[in-house]
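A.B. asks: One structure, as structure tokens, below. Some questions next.
The values are calculated or read from the model by the stated rules, or taken from the named source; none is laboratory data. As the structure is a prediction and not an experimental result, all values here were calculated from the model. Keep in mind that these areas ignore ligands, DNA and RNA; they rest on the heavy atoms of the full protein, side chains included. Shrake-Rupley method; radii C 1.70, N 1.55, O 1.52, S 1.80 Å.
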Amino acid sequence: MQADTHQGEAVLAQAVSAYQTALGSRLIAGYALGSLAHGGFSPLVSDVDLGLILEDPVRAKDRLTIRTVARSVRAGGPGLHQRLSVFWGTPSTLRGQVRGGRFPALDRLDLLDYGRLLTGRDARSGVARPERAELLVAGAEFALGYLGGARKLPDRLRDWARLRPRGDNALNEIRAPARLVSRGPGRLTKIVLFPVRFLFTAETGQAGASSLAAGHYLASADAPASALVSAALAWRLEPPANEEATALLGRELIPLYVHYLDDHITRLDAVDCPRLADSFRRWRARLLA
């Protein structure tokens with residue numbers, strides 16, 4: 001284990017212990033997800049992602065239990081404790097047989113391909129692998145809520161909305177790079193690299209780890225904002241010099257987003273999602289207004 005993962009692993013261990021106490025025998029398995037599972041973890045910017053599989057059936061109080069324990073762990077300290085994100089479901093919800101839980105398509109793919117068992121027995125057999133169109137739509141909905149300033153989100157996206165700082169407006173940050181830089185490297189690198197990750201997943205059907213997605217993006221000779229994408233990878237490890245970062249964002253961030261939005265408008269039209277495609281068109285228009 002690399003030294004820079006120790007802090008994240010400690011938060012995971014604390015969370016797993018708390019959920020074992022709260023859920024008892026109903027907890028079938030717990031998994032490390034995200035960069036603590038597939039690599040590339042950075043204490044400076046990374047989230048601490050935990051996946052839980054509970055015994056069927058889903059109970060009315062499960063969601064409250066999951067949220068209450070997560071809040072307790074987040075209250076345990078600044079930094080990485082605050083970045084704990086918990087995904088959960090039961091075998092039936094993960095097979096798509098019943099509704100419930102919180103395991104969106106992108107995170108379900110991460111569970112299947114990279115999930116690292118922390119406790120219990122491996123229970124991934126039968127988990128429904130998301131199809132390419134489902135991944136596209138899930139990524140687009142997330143982007144619209146986190147990056148596009150959507151005010152009304154479906155119930156399944158409301159937990160993601162807590163990731164947005166209060167009063168945040170990503171469109172204003174993109175237009176005002178100095179403001180974005182002032183938000184810190186975590187927010188900054190997400191704003192730059194999320195579109196790159198969504199492009200990667202839409203094209204390949206794979207989970208979009210930042211380094212893998214950026215490498216794929218930079219391999220394209222005609223991709224805009226290559227200098228910015230390369231810089232954002234470095235900013236995950238060391239905060240940028242403010243003036244240099246502000247200048248680079250001013251030159252390349254809007255072209256990166258226009259490229260992403262144009263790509264996804266075409267893809268969403270192709271899978272017959274006209275309302276979502278129109279939301280992306282309006283997002284594009286607001287960005288360039």
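A.B. asks: Step through the residues of segment 108-120 one at a time and calculate ³J(HN,Hα) from phi using the Karplus curve (6.51 cos²θ - 1.76 cosθ + 1.60, θ = phi - 60°), rounding each to whole Hz and writing x for Gly and Pro.
C.D. replies: Rounded to whole hertz, the list is 5, 4, 4, 4, 5, 8, 10, x, 10, 5, 9, 7, x.
A.B. asks: How much of the DSSP beta bridge set in the chain is antiparallel, as a percent to the nearest 5?
C.D. replies: On the way: 11 of 17 bridges.
Within the chain, antiparallel bridges account for around 65 percent of the total.
A.B. asks: Another question, if that's okay. In whole Hz and in residue order, list the ³J(HN,Hα) couplings for segment 207-213 that follow from phi through the Karplus curve 6.51 cos²θ - 1.76 cosθ + 1.60, θ = phi - 60°; x for Gly and Pro.
C.D. replies: Each residue of segment 207-213 in turn: 5, x, 4, 4, 5, 5, 5 Hz.
A.B. asks: Please report, for the Cα atoms of the chain, the Rg to one decimal and the Dmax as a whole number; what are they, in angstrom?
C.D. replies: Values for the chain (Cα only, Rg and Dmax): 18.7, 55 Å.
A.B. asks: If you take the alpha carbon radius of gyration of segment 170-239 and divide it by 2.2 N^0.38 Å, what ratio comes out, to two decimals?
C.D. replies: 1.10
A.B. asks: Check which residues have an amide H placed less than 5 Å from Phe87's amide H, if you skip close sequence neighbours.
C.D. replies: Leu50, Gly51, Leu52
A.B. asks: Give a residue-ordered list of calculated ³J(HN,Hα) values for segment 181-190 (Karplus: 6.51 cos²θ - 1.76 cosθ + 1.60, θ = phi - 60°; whole Hz; x for Gly, Pro).
C.D. replies: For segment 181-190, the Karplus curve yields 4, 5, 6, x, x, x, 5, 4, 5, 5 Hz.
A.B. asks: Would you kindly find the accessible area of His38, with a 1.4 Å probe and non-protein molecules such as ligands, DNA and RNA excluded, rounding to the nearest 10 Å²?
C.D. replies: 50
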